[in-house]
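Undergrad: Below: one structure in structure tokens.
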Amino acid sequence: MRIRKIVTAAVVAGVAVGVLSGCGAGSNPSDGGDDAAAGGATKLDMWVFAELHGQVYEEMAEKWNEENPDKAVDLNITVYPYQDMHDKLLLAANSGQGLPDLADIEVGKFRNFLKGATPPLADLTEAAEPYVDDIVKARLDLYSRDGKIYGYPTHVGAFVAFYNTELLEAAGIDYTTIKTWDDFAKAGATYNSSTGKAFSVASTGVYFTEPLAIAQNGGQLFADDGLGNVDVNNPVVVETMEMFQDMKEAGALSTIPGGSPDNEEAYGAINNGDFAAIVYPAWYTSRFVDYMPDLDGKIAIAPAPQVPGSDVLTIGGGGTGTTVMEKSEHKELAMEFLAYAKLSHEANVAVWEVLGFDPVNMSVWEDEAVTHNPDNKFNKYFQTNLFDVLNSVKSGIGHFKSFANENLPKVDNQFRTVTLNEIYENGTPAKDALDQAQSDLKNELGQ
């Protein structure tokens, strides 16, 4: 088993070569060779865009082979740059040639692979059966269509709040009193007025935290009309975006270098103490540990702010769906292995211990030997335990259906390139900015 990293940004230029040379599924177009590896293991080619994901799959392949010597796999993982991999995979899927056996597909790209009457992805529903009762259904739904599962999730991505207690205590703010968005707004305005510094983030480069509050308010970004037409200026979205705009104007939110908390410029700013609170998915624990060493021991994890009376306490944000190609010559083995590698208890322990992500297999949430291991680097870093927080809100993990709409990438692009800048940078009233977004999107989508 091996992981090969492709670092060029011009990978797609080589796809035509692979297609023309007739490389089929089960054979990496850039790595010839037999389908079967030495020792009788079956070679499975896998494409990913995150090297750490590859390390988890490699670990799970070793465990699989130990438990299933008669069905051993030789996992050949290739790591491509994010955009290059998705472009390359879509081109290969459309041509039916040059495909790997397995691939990671980021949630924002996944719907591009489910269009048409016969998706290029294998139906993974049956292979999931041994594990499905323990898996957060909302995350499986992200990668499903017409009742069939086409991808297995990597994490829940439940939104939580990260508070720099050192900064907040110096400003006389107790983070444990922040329960609702109103509490969050008041604490933010107080912090900003007393310190002159930013409290939390108004992202212009990612539309992520606001959908949490939209879901808590019972809203969506697409109409519930059976057609899924874009509906970004409905009253719930307007009211929610006005709430965030009010927080920005009151000083509770500030824009951040790089446009979102999840980039190198932002890591530096947060590490320097320029922001005191981040509301983001639970997988952001890994960003603190990996990129913000100066905050070790200073960050408390707490439930995300709530909307009083809402049944939705949190939603999943972001994600990667791992899939098997329908044309894989080793489809049945690949599906069985993938279910083990993504949905089993063992796999989800690795997702936490290696990646710091919140596992989709809920049995791990109850395994205190794993979740409260004092030697775990994530448990060492934070003042509070992530799984104590997750278990306190698990009954309220909502499914934000808009994240599964095939037109979400276009809506997301509109907000990231135009709408959020209008609201947060230019001060355009939220309703006006959303009315314009609705008009632009309807024209773009032909609705």
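Conditions (1) closer than 22 Å to Val312 by Cα; (2) assigned to a helix (DSSP H, G or I); (3) assigned by TED's automatic domain parsing to the domain that holds Ala304; (4) among the acidic types (Asp, Glu), marked per residue:
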| residue | (1), (2), (3), (4) |
| --- | --- |
| Trp352 | no, yes, no, no |
| Asn373 | no, no, no, no |
| Thr428 | no, no, yes, no |
| Asp435 | no, yes, yes, yes |
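Undergrad: Also, I was wondering about something else. Of all residues in region 38-56 being modelled with pLDDT under 95 and closer than 22 Å to Leu89 by Cα, which is surrounded by the fewest Cβ atoms within 10 Å (Cβ to Cβ)?
TA: For region 38-56, the residue satisfying everything is Glu51.
Undergrad: Also, I was wondering about something else. Taking region 212-226 only, how many residues are under 25 Å from the mean Cα position of the chain (by Cα) and over 23 Å from Gly309 (Cβ atoms)?
TA: Residues in region 212-226 being under 25 Å from the mean Cα position of the chain (by Cα) and over 23 Å from Gly309 (Cβ atoms): 2 in total.
Undergrad: Can you tell me how many residues within region 394-427 are of a type in the set (Asp, Glu) and out of contact with any helix residue (DSSP H, G or I) (no Cβ under 6 Å at 6 or more places or on another chain)?
TA: Number satisfying all stated conditions: 2.
Undergrad: While we're on this one: Does at least one position in region 395-408 carry a residue that is of a type in the set (Gly, Ala, Ser) and part of a strand (DSSP E or B)?
TA: Looking for residues that are of a type in the set (Gly, Ala, Ser) and part of a strand (DSSP E or B), one finds at least one in region 395-408, hence yes.
Undergrad: Of the numbered conditions (1) of a type outside the set (Val, Ile, Thr); (2) surrounded by 19 or more Cβ atoms within 10 Å (Cβ to Cβ); (3) in contact with an Asp or Glu (Cβ under 9 Å, 6 or more places away or on another chain), Lys197 satisfies every one except a single condition; which is it?
TA: With (1) of a type outside the set (Val, Ile, Thr); (2) surrounded by 19 or more Cβ atoms within 10 Å (Cβ to Cβ); (3) in contact with an Asp or Glu (Cβ under 9 Å, 6 or more places away or on another chain) applied to Lys197, the lone miss is (2).
Undergrad: Let me ask you something else. Are any residues in region 220-250 within 12 Å of Leu445 (Cβ to Cβ) and among the charged types (D, E, K, R), and if so, which ones?
TA: Scanning region 220-250 gives a single hit, Asp231.
A quick yes/no check of all residues on (1) in a loop (DSSP other than H, G, I, E, B); (2) charged (D, E, K, R); (3) out of contact with any Phe, Trp or Tyr (no Cβ under 9 Å at 6 or more places or on another chain):
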{"residue": "Gln220", "(1), (2), (3)": "yes, no, no"}
{"residue": "Asp225", "(1), (2), (3)": "yes, yes, yes"}
{"residue": "Gly258", "(1), (2), (3)": "yes, no, no"}
{"residue": "Ala269", "(1), (2), (3)": "no, no, no"}
{"residue": "Gly297", "(1), (2), (3)": "yes, no, no"}
{"residue": "Ala300", "(1), (2), (3)": "no, no, no"}
{"residue": "Asp311", "(1), (2), (3)": "yes, yes, yes"}
{"residue": "Gly318", "(1), (2), (3)": "yes, no, no"}
{"residue": "Gly321", "(1), (2), (3)": "no, no, no"}
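Undergrad: Right, another one. What number of residues within region 332-350 are in contact (Cβ under 8 Å) with a residue 24 or more places away in the chain, part of a helix (DSSP H, G or I) and buried (at least 18 other Cβ atoms within 10 Å of the Cβ)?
TA: 13
The values are calculated or read from the model by the stated rules, or taken from the named source; none is laboratory data. Predicted model only: the values in this text are computed from it and were never measured. Note: ideal-geometry Cβ built from the backbone for every residue, glycine included; neighbour counts use all protein chains shown.
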